[in-house]
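Participant: Once you've had a glance at the structure underneath, I'll fire off some questions.
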Amino acid sequence: MKLLKEWSPFALFIIVMLLLRVYVWQPVIVEGHSMDPTLADKERLVIIKTARIKRQDIVVAKEYNKEDQSTKNIVKRVIGMPGDTISYNNDVLTVNGKVIAEPYLTNYQKQLATDKLQQTYQFNSFFQSLGKNAKSFTMSATGQTDFTVKVPEGQYFLMGDNRLVSQDSRQVGTFSKKDIIGEAKLRIWPFKKIGLL
């Protein structure tokens, strides 16, 4: 009986943590460069599954490959909410007729204007070619600098911050609420960058 009393708080703690892990939070790993420079390849995050999704949140979603019926988790930013009309005109975002600032793009937009991101993309010749040929930082899947998308009800339009490189809703279409696993709230690796997003 004494042993049970001593161990019951620890057991309760373990049970609560397991339930939170299943229903509330989940660790994820960033794969690729589509969210540079906001999030880098191999960084580790914690997502909250119960978070209310808002415009410009960073989320993890399931992307379905229709060809081989596979799925993968992707990290992107919410640009369009259900029912939104979003437009880009030479890197200026308008949502439902209102201009929306995207400060998380400023760094790469400046570099595109300076050297077409050649220094930033020096590790990848394909990325360098994308930078050289870019007319603006955010373009449609067909390379248009001026485009408009109507987001269907119940769907979300997701894009990576590294717009020239990211494969996102411009190519694969919108994502339903059930496809969004949760919002990225905390970076836990590398140690020097630990903090809230």
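Participant: Residue separation times 0.36 nm, minus the C-alpha to C-alpha distance between SER129 and GLU67: what's the value?
Facilitator: So the extension gain works out to 19.6 nm.
Participant: Treat each spin label as a single point 7 Å out from the Cα along the C-beta direction, and report the SER176 to ILE194 distance in nm.
Facilitator: According to this spin-label approximation, the distance is 3.9 nm.
Participant: With a probe of 1.4 Å, find how much accessible area the chain has per residue, and write the answer as a whole number in Å².
Facilitator: 58
Participant: Next question, about the same structure. How many percent of all Cα-Cα pairs in the stretch 92-187 sit more than 21 Å apart?
Facilitator: Result: 41 percent of Cα pairs exceed 21 Å.
Participant: Another question, then. Considering only protein heavy atoms and a 1.4 Å probe, what is the carbon-and-sulfur percentage of the accessible area of the chain?
Facilitator: Roughly 58 percent of what the probe reaches on the chain is carbon or sulfur.
Participant: Moving to a separate point now. For a Förster distance of 35 Å, can you work out the FRET efficiency between the beta-carbons of ASP146 and THR114, rounded to the nearest 0.05?
Facilitator: 0.95
Participant: Moving to a separate point now. Using alpha-carbon positions, what is the distance between the centroids of the stretch 26-51 and the stretch 126-197, in Å?
Facilitator: Using only Cα atoms to place each centre, the spacing works out to 13 Å.
Participant: On to the next question. Can you compute the modelled spin-label distance between LYS49 and ASN96, with each label point 7 Å from Cα toward Cβ, in nm?
Facilitator: Result: 3.0 nm between the two label points.
Participant: Taking just the C-alpha trace of the stretch 44-116, give me its Rg and Dmax in Å.
Facilitator: Final numbers for Rg and Dmax: 15.4, 42 Å.
Participant: For Cα extents along the principal axes in Å, the choices are [x] 45, 36, 36; [y] 58, 38, 33; [z] 73, 39, 37; which was calculated from the structure?
Facilitator: Computed from these coordinates, Cα extents along the principal axes in Å corresponds to label [z].
Participant: Mind listing which trypsin sites (Lys or Arg not before Pro) in the stretch 20-74 are in a DSSP loop and have 14 or fewer other Cβ atoms within 10 Å?
Facilitator: LYS42, ARG52, LYS54, LYS66
Participant: For the chain, which DSSP H helices look membrane-span-like by this rule: Cα extent along the axis of 24 Å or more and mean Kyte-Doolittle of at least 0.5?
Facilitator: Within the chain the helices that satisfy the rule are 2-23.
Participant: Let me ask you something else. What stretch of the chain, leaving out the sites themselves, is the longest with no GluC sites (Glu not before Pro) in a DSSP loop having at most 14 other Cβ atoms within 10 Å?
Facilitator: Here the longest segment lacking exposed loop sites spans 68-152.
Participant: So, one more: Among the listed pairs LYS49/LYS72; LYS42/LYS193; LYS116/LYS192, which are separated by more than 22 Å between their Cα atoms?
Facilitator: Distance filter (> 22 Å) returns LYS116/LYS192.
Participant: Follow-up. Per the helix-only calculation at 222 nm, which mean residue ellipticity applies to the chain, given -39500 (n - 2.57) for every DSSP H run of n ≥ 4 and division by its residues, nearest 500 deg cm²/dmol?
Facilitator: Value at 222 nm, helices only: -7000 deg cm²/dmol.
The values are calculated or read from the model by the stated rules, or taken from the named source; none is laboratory data. Quantities reported herein were computed from a predicted structural model and do not represent experimental measurements. Don't worry about glycine lacking a Cβ; one is built from the backbone with ideal geometry, like all the others, and counts go over all protein chains shown. With ligands, DNA and RNA removed, areas are computed over all heavy atoms of the protein, side chains included. Shrake-Rupley method; radii C 1.70, N 1.55, O 1.52, S 1.80 Å.
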